[in-house]
1. Please give the number of the condition Ser100 fails out of (1) modelled with pLDDT of 95 or more; (2) polar (S, T, N, Q); (3) part of a helix (DSSP H, G or I).
2. Condition test on His68, is it under 12 Å from the mean Cα position of the chain (by Cα) and within 21 Å of Thr8 (Cα to Cα)?
3. Answer yes or no: is there a residue in the stretch 12-30 that is polar (S, T, N, Q), loosely packed, with under 15 Cβ neighbours inside 10 Å and farther than 19 Å from Arg85 by Cβ.
4. List every residue pair whose Cβ atoms lie under 6 Å apart, where the two residues are 6 or more positions apart in sequence or sit on different chains, the first residue falls within the stretch 137-148 and is in a helix (DSSP H, G or I), and the second residue, located anywhere, is hydroxyl-bearing (Ser, Thr, Tyr).
5. Enumerate the pairs (first residue in the stretch 23-48 and closer than 14 Å to Asp92 by Cβ; second residue anywhere and among the acidic types (Asp, Glu) and surrounded by 24 or more Cβ atoms within 10 Å (Cβ to Cβ)) with beta-carbon separation below 8 Å, excluding pairs fewer than 6 apart on the same chain, so at least 6 apart or on different chains.
6. Could you check, for the stretch 68-83, whether at least one of its residues is at pLDDT 95 or above, surrounded by 15 or more Cβ atoms within 10 Å (Cβ to Cβ) and touching a Gly at 6+ places or on another chain (Cβ under 8 Å)?
7. Being in a helix (DSSP H, G or I) and either touching a Pro at 6+ places or on another chain (Cβ under 8 Å) or of a type in the set (S, T, N, Q) (or both) is the filter here; which residues of the stretch 103-136 pass it?
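The values are calculated or read from the model by the stated rules, or taken from the named source; none is laboratory data. It should be emphasised that the depicted structure is a prediction, and the values quoted were computed from it without experimental measurement. When we count neighbours, we look across all protein chains shown, and the Cβ atoms used for this are built from the backbone with ideal geometry, even at glycine.
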Amino acid sequence: MVTAATYTKRRLLQAPDRLTLVRDALFGLAEELGWLLQAWAILPDHYHFIAVSPEHSETLRALIKRLHASTAKAINEGDRAPGRRVWFQYWDSHLTYERSYSARLNYVHQNPVRHRIVRQAETYPWCSAAWFARTASPAFYRRIRSMPTDRLNILDFDLD
């Protein structure tokens with residue numbers, strides 16, 4: 001699981017085109033480097049994703065570096081702010097326990113609801129909730145959605 005934040009939690013990703021930029025860059029780089037995305041949520045000042053790593057998981061650093069470099073450049077060009085720092089840093093966790101993985105899947109899918117951006121995560125185009133609802137088996141969907149997330153210790157950011 002990966003979490004990253006914008007520098008000083010600025011809502012630099014507020015506009016739909018910026019959210020789409022980050023989402024599409026993440027999708028492209030994950031595919032290119034062999035990471036299989038399981039859940040994602042791109043919000044105005046941070047993102048989360050969960051992915052299954054390729055055999056050589058050390059490519060995560062390259063994925064994040066390229067994601068942050070390309071999106072920062074595009075965002076700064078759009079704002080005419082060359083050289084401005086866009087991303088702060090990222091945190092990653094290797095999920096090894098099934099219950100931990102399942103709870104975090106639910107957490108990431110529901111992150112836009114947690115931050116009061118939408119009432120139903122499936123309506124937010126920059127997270128995986130709608131994709132998950134369409135593609136998961138009904139039993140797996142119900143199991144993941146039933147996983148409690150209130151006790152998770154995940155670095156997250158308040159949008160208030």
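1. For Ser100, the failing item is (1).
2. No, not satisfied.
3. Yes, the stretch 12-30 contains a residue that is polar (S, T, N, Q), loosely packed, with under 15 Cβ neighbours inside 10 Å and farther than 19 Å from Arg85 by Cβ.
4. Pairs found: Ile144/Ser102.
5. none
6. yes
7. Selection gives Ala103, Asn106, Asn111, Ala121, Thr123, Ala129, Thr135.
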